[in-house]
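Below you'll find the structure, written out as structure tokens, and then a few comments.
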Amino acid sequence: MTTPTTAPAGPRRTPRPVPGTPRPSAPRTRRSLGSTLVALLVLAVLLFPLYWMLNIALQPGESLAVTRWLPTSPGWDNFRRALSTQTDSLVTSLVVSLGAVVVCLALAAPAAYGLARLGLRGSRTIVFGTLITQMVPGIVIANALYSAYVDLHLVNSPIGLILADASLGLPFSIVLLRAFMVAIPKETVEAALVDGANRFTAFVRVVLPMSRNALITAGLFTFLFAWSDFMFALTLNTTDDVQPITLSMYEFMGAHVSDWGAVMATAVISAVPAAVLLVIAQKYVAAGVTGGSVK
Amino acid sequence: MQTARRRPPAPAALLTAAALVAVTGLTGCAAEPDPGVITVLNSATDIEHAQEQEFYDRCARRIGVKVRQISVPADQVAAKALRMASSHSLTDILDLDGSELPQFAATGGLVPLEEAGVAVTGMSAAAGTLGSYRGTQYGIARSVNSLALFYNADVLREAGVEPPTTWAELKATAKKLTRGSRYGMAFSATPNADGVYQFLPFFWSAGGDESRLDDGKGAPALRLWKDLVDQKSASGAVVTWNQQDIAEQFIGGRAAMMVNGPWNVPVLNEHKDLNWAVAPIPVPEAGRPPVPPIGGTVMTVPRTGDEDRQRTAAKIINCLNERRNQVDWGESRNNVPTRTSAAAEYTAKNPKLAAFAEEVETARSRTDRVGERWPVVSDALASAFQSVLTGRARPEAALAQAQAQAAADE
Amino acid sequence: MTTATTTVPAPPATTAGGRAGPGRRQALLRWGFVAPAVLYMLAFFGYPLVRNLTMSFQSYTPRTYFTGEAPFNGFENWRGVFDNPLFTNSLWHTLVFTAGSLLGQFTIGLALAVFFSRRFPLSGVVRAVLLLPWLVPMVVSAVVWRKLLDQDTGVLNSALTGLHLVSSPVPWLSSTGVALAATVLVNIWIGIPFNMVILYGGLQEIPRELYEAGALDGAGAWRTFRSITLPLLRPVVTVVLILGFMSTVKILDLILALTGGGPADSTQTLGTVTYQLSFQQMNFGQGAVVGNVLILVSAVFAVLYLRANRSDFGQGK
């Protein structure tokens, strides 16, 4: 199946291109400034709905029917009201999402390596099966899980939610990490094996460090999937004990029918932690995605 | 980088298995229901949660127990209750939307109120039908709501018109009040519970029958809605506006009149410059009584297999329905108490909402005729008004289609 | 369920350390890498799948939840679903919605990925910020969009009429002819960041020497794109499209929040119909049927696509 022309296989034969210089053309200042302008325009168009969200959040005491284009007299009232009720949920979301990342990576990394490198019979079927899992609608999963969770006493437990949320990122992580690990030179791992390490040690000492970027990417995406989960939070909890921000916001929305300002402020707040993470880890997002020779 | 040190094999499988065993082990202790705590499943999320708790605490203290509420969004209560039922962990009190009661009663999973020891005398007839299934009362409503015509009194005065009482007046008045970015009329026609709830007063006042949608009587109601949109007295966007959206339109001055319920009162009162009033929903011809729908949640006692707990639950429900508690409750929710004496006191205190109190006397329950088939009928009705409003079908054809849709599931 | 998640993972590990000979032991050890994930997926995806399948042959009503009785009723649920015109319509809507969404997300995502591959000031920052739409929970995005798209009060219509691009307000969500397109529009907006990020990552992996060689051959921008970029990007394209397809075809919350399937059922998809049957009408058997059809449609497309692009997919053995 290995075909030398496919992308992940290519780079290992060529020196690593300097990141961020895909085109050989000499940078011309005017052209690149023009590009910046275009980029900002694209940004403005695509982020407009989010601007609108912020705009509403910053206009205290207004009904949506008369929202102004600009928050000419911005106020933080909405944010204050939102924060006063949502802090616990933010913490819950953070704990659950991080937990899901840990579970997901602990399962996905060895599996991806096994599927990429260990020549197991049926690997292809498993990879295909992994993709197939994406077809099962969340609502079908949630329904079936609930009854199983009741028997396992996992309802209303953060651990139960973590395990379920990990499923949101697992298939993606396996596919991603596998594509990456396929491209790790066989020789490197074999060298470690000759040195006397067993497969697992070699995996931990050689493969994992080399896959650092892909692991971060997989972790990041899993975090985001878990952060925005609503279905599991709704179906696997019967009390308010474990209430992530998405669910809390949904209930907030239902109860404060006309307080759009506070609802939108909650939405803005809910996006902040993930946004911060995204900006911090930004370079990994693109770097790790396709696998290959990122060191 | 590499090390020559050989470690014992520790495959990931082992670690994961250990972790999972630990997880299930830790949480594996069975949770027996606490004898001193009565549980409730309801839709009182967020601030309502605390409001409800106050009333529960009042009653629980007297009986010497505690009450713990489990609250989920309204559209999730039924699904959650079913999941709980399947795991034999249903709460001692189940506070359901009235339209969902028949489905639960039909399962045999609810205790008839009489058997449970809940007193149901002194309540309005409408409240009785809301909690009944096939002649047996399974649920009791503390308060009920309905729909009426809210209007902006200032706008009507400026235009020199009175609130409409008949459909002809409604059309004329709405047209007159439509000016610039303001529509004369707003109603919700979303393809869900909101839109159907709003359609019913028109459908029923016209003589429509939800068990025989295609008998021709309901078609004029569809034509009225369509006319209001066609003559541009109501926005074409009503097919996407839920009841909350139309309240916003009304508050924002973009609708002079709206069909809505009393739960909007606190929000309306927040806007001091908004001079609103309430009138009954217009009827097809002068002299015909309006037939608004009755809505609200009903408290039921599920069969949990523990008769002691069922009895305690019944005591709490009885206490909540005492006159004093019903009046307080009705006022906190702007809904009309179901105990006749409480309703009278409520109306005296809230003259502005008298229209609602009168209405619930003649109001009809959605599940009265079709019982547990209501969800199917409701979907069929929604399809009918949506296809008429979007110009896909004529009223008669839409109702014939709706009847076919509803009957297919019988 | 209990045994699947708790006890089964252990045996490969313990036997590996025990009696087996070195070859067998090696094989088991290798499986030890994969087994936990496989077992997890069996529990969290396989089990629900099987359950849904059996449910579609059972009379599954609210009563079932109380009594535990769900008698088998053959193909009755299936007949009920296939006789329902709503089902056929929703199948069609689902295909239009999915194809439209993918086309838009992918084309715009690819264009942006190529664009951001050029070096210019602020490109990294802008790229990162562009991911924001993806971070906002879908429930919220849908609510914001519903406001933006409102026929009378929406900002989009005031902008369009203000600029004289349209003569009368567009009934984005309230006309049967436009609503499906509007939901596609919103879904494209949500999906662009994901497509862009992954395709951008793929572009970074293409060695620049190839472009240099192409430039020496005198290839223009379009030819370079056609003959170097696209072919080398194919494996990434496959992953993006497959993942995109599978998440789009089953979409539910976005449509529920935007249109609720209306107006006049013009935005009902298989996802919303499943929801409506199971959770509004409490007809869980028929709901399960539609769920199965959804999974089947998805599987058929995935198999066809993966067969056509076999080499991009199975580089492992």
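Residues of segment C:30-63 that are assigned to a loop (DSSP other than H, G, I, E, B) and of a type in the set (Gly, Ala, Ser): C:Ser56, C:Ser59.
Residues of segment C:71-93 that are among the aliphatic types (A, V, I, L, M) and within 14 Å of chain B (Cβ to nearest Cβ): C:Val81, C:Leu86. Taken over segment B:103-119, the criterion of being in a helix (DSSP H, G or I) and within 22 Å of the chain's Cα centre (by Cα) is satisfied by B:Gln103, B:Phe104, B:Ala105, B:Ala106, B:Leu113.
With respect to (1) outside any helix (DSSP H, G or I); (2) touching a residue at least 12 places away in the same chain (Cβ under 8 Å); (3) not assigned by TED's automatic domain parsing to the domain that holds B:Ala119, the lone exception for B:Gly287 is condition (2). Just one residue in the set B:Gly253, B:Gly287, B:Gly261 is within 14 Å of chain A (Cβ to nearest Cβ), under 30 Å from B:Arg223 (Cα atoms) and either touching a Cys at 6+ places or on another chain (Cβ under 6 Å) or surrounded by fewer than 20 Cβ atoms within 10 Å (Cβ to Cβ) (or both); that residue is B:Gly253. Residue count for segment B:141-188, restricted to those that are in contact with a helix residue (DSSP H, G or I) (Cβ under 6 Å, 6 or more places away or on another chain), closer than 25 Å to B:Thr340 by Cα and not basic (Lys, Arg): 7. Considering only segment C:30-56, how many residues are closer than 29 Å to C:Phe284 by Cβ and touching a Leu at 6+ places or on another chain (Cβ under 6 Å)? So the answer is 1.
State whether the residues of segment C:165-180 include one that is within 21 Å of A:Met264 (Cβ to Cβ), hydrophobic (A, V, I, L, M, F, W, C) and touching a Leu at 6+ places or on another chain (Cβ under 8 Å). Yes, segment C:165-180 has at least one match.
A single entry from A:Ala106, A:Ala100 fulfils the requirement of being buried (at least 23 other Cβ atoms within 10 Å of the Cβ) and assigned to a helix (DSSP H, G or I): A:Ala100.
Being within 20 Å of the chain's Cα centre (by Cα) and within 7 Å of chain C (Cβ to nearest Cβ): is that true of A:Ala111 here?
yes
If a residue must be of a type outside the set (Gly, Ala, Ser) and closer than 15 Å to B:Val388 by Cα, how many such residues does segment B:201-227 contain?
Taking segment B:201-227 and keeping what is of a type outside the set (Gly, Ala, Ser), we get B:201-204, B:209-210, B:212-215, B:217, B:220, B:222-227.
Narrowing the set further to residues that are closer than 15 Å to B:Val388 by Cα leaves B:202-203, B:213-214, B:220, B:222-227.
Going through segment B:201-227 one residue at a time, the tally reaches 11.
Among the residues of segment C:157-184, those identified as in contact (Cβ under 8 Å) with a residue 60 or more places away in the chain and not in a loop (DSSP other than H, G, I, E, B) are C:Ala179, C:Leu180, C:Ala181, C:Ala182, C:Thr183, C:Val184. Of the residues making up segment C:123-149, those that are within 17 Å of A:Ala262 (Cβ to Cβ) and either within 20 Å of the chain's Cα centre (by Cα) or not in a helix (DSSP H, G or I) (or both) are C:Val136, C:Pro137, C:Val139, C:Val140.
Of A:Leu64, A:Leu70, A:Leu58, all but one fail to be within 14 Å of chain B (Cβ to nearest Cβ), farther than 30 Å from C:Leu210 by Cα and modelled with pLDDT under 90; the exception is A:Leu64. Listed by first and then second residue, the pairs linking a residue in segment A:264-282 that is within 9 Å of chain C (Cβ to nearest Cβ) and modelled with pLDDT under 75 to a residue that is surrounded by 18 or more Cβ atoms within 10 Å (Cβ to Cβ) and part of a loop (DSSP other than H, G, I, E, B), with Cβ atoms under 6 Å apart and 6 or more places separating them unless they lie on different chains, are A:Leu278/C:Leu131. When you scan segment B:239-256, do you find a residue that is at pLDDT below 90, of a type in the set (Lys, Arg) and farther than 25 Å from B:Tyr346 by Cβ, even just one? No: zero hits. For A:Thr85, the criteria (1) within 30 Å of B:Asp245 (Cβ to Cβ); (2) out of contact with any Phe, Trp or Tyr (no Cβ under 8 Å at 6 or more places or on another chain); (3) surrounded by fewer than 20 Cβ atoms within 10 Å (Cβ to Cβ); (4) not acidic (Asp, Glu) hold in every case but one, which is (2). Among the residues of segment B:64-107, the one identified as within 20 Å of B:Asp308 (Cα to Cα), within 11 Å of chain A (Cβ to nearest Cβ) and of a type in the set (Val, Ile, Thr) is B:Thr91. Filtered by the rule that a residue be without any contact (Cβ under 8 Å) to a residue 12 or more places away in the chain and part of a helix (DSSP H, G or I), segment C:64-91 gives C:Tyr65, C:Phe66, C:Thr67, C:Arg79, C:Phe82, C:Pro85, C:Thr88. When A:Met210, A:Met249 are checked against the criterion of being within 11 Å of chain B (Cβ to nearest Cβ), at pLDDT 85 or above and buried (at least 18 other Cβ atoms within 10 Å of the Cβ), A:Met210 stands alone in meeting it. When C:Leu91, C:Leu122, C:Leu130, C:Leu86 are screened for being in contact with a helix residue (DSSP H, G or I) (Cβ under 9 Å, 6 or more places away or on another chain), closer than 30 Å to C:Gly202 by Cβ and modelled with pLDDT of 85 or more, only C:Leu130 passes. Kindly indicate whether B:Val144 is in a loop (DSSP other than H, G, I, E, B), away from every other protein chain (no Cβ under 14 Å), crowded, with 20+ Cβ neighbours inside 10 Å and of a type in the set (Val, Ile, Thr). Here the answer is no, as B:Val144 does not meet what is asked. Scanning segment B:271-322 for residues that are within 18 Å of B:Gly109 (Cα to Cα) and small (Gly, Ala, Ser) gives B:Gly305, B:Ala313, B:Ala314.
Condition check ((1) crowded, with 17+ Cβ neighbours inside 10 Å; (2) at pLDDT 85 or above; (3) away from chain A (no Cβ under 11 Å); (4) under 30 Å from B:Val239 (Cβ atoms)) across all residues:
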| residue | (1), (2), (3), (4) |
| --- | --- |
| C:Pro171 | yes, yes, yes, yes |
| C:Gly202 | yes, no, no, no |
| C:Asp217 | no, no, yes, no |
| C:Gly220 | no, no, yes, no |
| C:Pro235 | yes, no, no, no |
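The values are calculated or read from the model by the stated rules, or taken from the named source; none is laboratory data. Please read all numbers here as calculations on a predicted model, not as lab measurements. We place every Cβ from the backbone using ideal geometry, glycine too, and count neighbours over all the protein chains shown.
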